[in-house]
Amino acid sequence: MPAWQTGMQQERNRCPGGMDLKFGKNLSLAATLALGIFAALPAVAAQLTGDARAAIPKDVQQLIVVDYRAMQNSDAAMNLKARVLPPELKQLETALKSSGLNDNHDVDELAFAAFRTSGSGDSTKIVGLAQGQFSLQDILGNFKKQKVKATKLRDNLIYPMGASGMLVTFLNPTTMVFGSSDAIKYALDARDGLSPNFLSNDSMMQQMSIVDTEPIWSILDQKGTQMMMRGVLGEASQLADYDTVKKRLTGSRYTMNFNNGVKFSLDVVTPDTFTAATMSSLLNAAAMYKKVGGTAAEKSAIDNTTIDSSAGTLQVRFAASDSQFASLLQSPLFQSVVH
């Protein structure tokens, strides 16, 4: 499997969609969302508005943003989605529709942010954000018809999303926030200025500025990057070299594009060329180890992955045709990843 699989094992026990990733073992929240929901997207940018950014708490471990428009335009996309979307995210998707939205027409961009809170240690919470042109009058009329009652937090009205246990609030006619009750509260506290928000996270804002012109992108902070690389390396992460360099991984970002095949780019930022080169060597070793026992499709996937370093940045690139990727979906490795 290409080295795109990032991990958040602690999150899975607390919030919808958080998963641990290993090179050829588990899919993470990032890979599940980016691969499982948003295949075959057009080459347009997926950017967050200022309102949406302000509703994300500051201590973001991972942020994933996608263009949502064309998610149902491809049979391959739907097949992939059916294979990898975990029950928790299926529940959230159903809850989104129950809010009165036509997700095929109303939603332009969709984002998920996993963030830490004070005293939470390695645990994270997830908040979802949707951008589009929402007919609030129709949606609220639907809520009233269904006798859905709102709770109020300051000036914010929060509505239950069916029987899912999820809640939704509208920041304005173009931005909605959804998630668990505590995740919603943290998001609204950030938006209302009661706690720091994403706009004050300079390092993550800088990472975002590099990738947010792409249709699918994600950024990870230092802790998220360290967890991701440990998962990607698998057994190779037990080597002394990784213990030496892991604290020097400062952040990472990736983009995905499904136009004319599958293309994936991952950059892991380090403070110097030595750290990046060491990580490149470790990751190449992990790929070769996985290739030894892999199927033809798995070996092809690894052959289509290049791992290098440049100016302090570890660079991973993967490219494959649609047919090659379809073969990979049928492989035992992929099955072990998604189950």
task: Report whether or not residue 119 is at positive phi, in contact (Cβ under 8 Å) with a residue 24 or more places away in the chain and open to solvent by 50 Å² or more (accessible area, probe 1.4 Å).
output: no
- request: Tell me, yes or no, whether the stretch 215-228 has at least one residue that is open to solvent by 70 Å² or more (accessible area, probe 1.4 Å) and hydroxyl-bearing (Ser, Thr, Tyr).
  value: no
- request: Could you tell me whether the stretch 165-173 includes any residue that is under 25 Å from residue 136 (Cα atoms), of a type outside the set (Lys, Arg), open to solvent by 50 Å² or more (accessible area, probe 1.4 Å) and modelled with pLDDT under 95?
  value: yes
- prompt: Just wondering, is there one or more residues in the stretch 246-261 that are crowded, with 20+ Cβ neighbours inside 10 Å, in a helix (DSSP H, G or I) and not acidic (Asp, Glu)?
  reply: no
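Table: residues versus (1) more than 13 Å from residue 316 (Cβ to Cβ); (2) in contact with a Leu (Cβ under 9 Å, 6 or more places away or on another chain); (3) not hydrophobic (A, V, I, L, M, F, W, C).
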site	(1), (2), (3)
215	yes, yes, yes
229	no, yes, no
239	yes, yes, no
247	yes, no, yes
255	no, yes, yes
261	yes, no, yes
266	no, yes, no
270	yes, yes, yes
- prompt: Quick check: is even one residue across the stretch 186-204 modelled with pLDDT under 95, open to solvent by 10 Å² or more (accessible area, probe 1.4 Å) and under 19 Å from the mean Cα position of the chain (by Cα)?
  reply: no
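The values are calculated or read from the model by the stated rules, or taken from the named source; none is laboratory data. All of these numbers come straight from a predicted model, not from anything done at the bench. Cβ coordinates were reconstructed from backbone atoms using ideal geometry, including for glycine residues, and neighbour counts include every protein chain displayed. Accessible surface areas use protein heavy atoms only, side chains included; no ligands, DNA or RNA. Shrake-Rupley method; radii C 1.70, N 1.55, O 1.52, S 1.80 Å.
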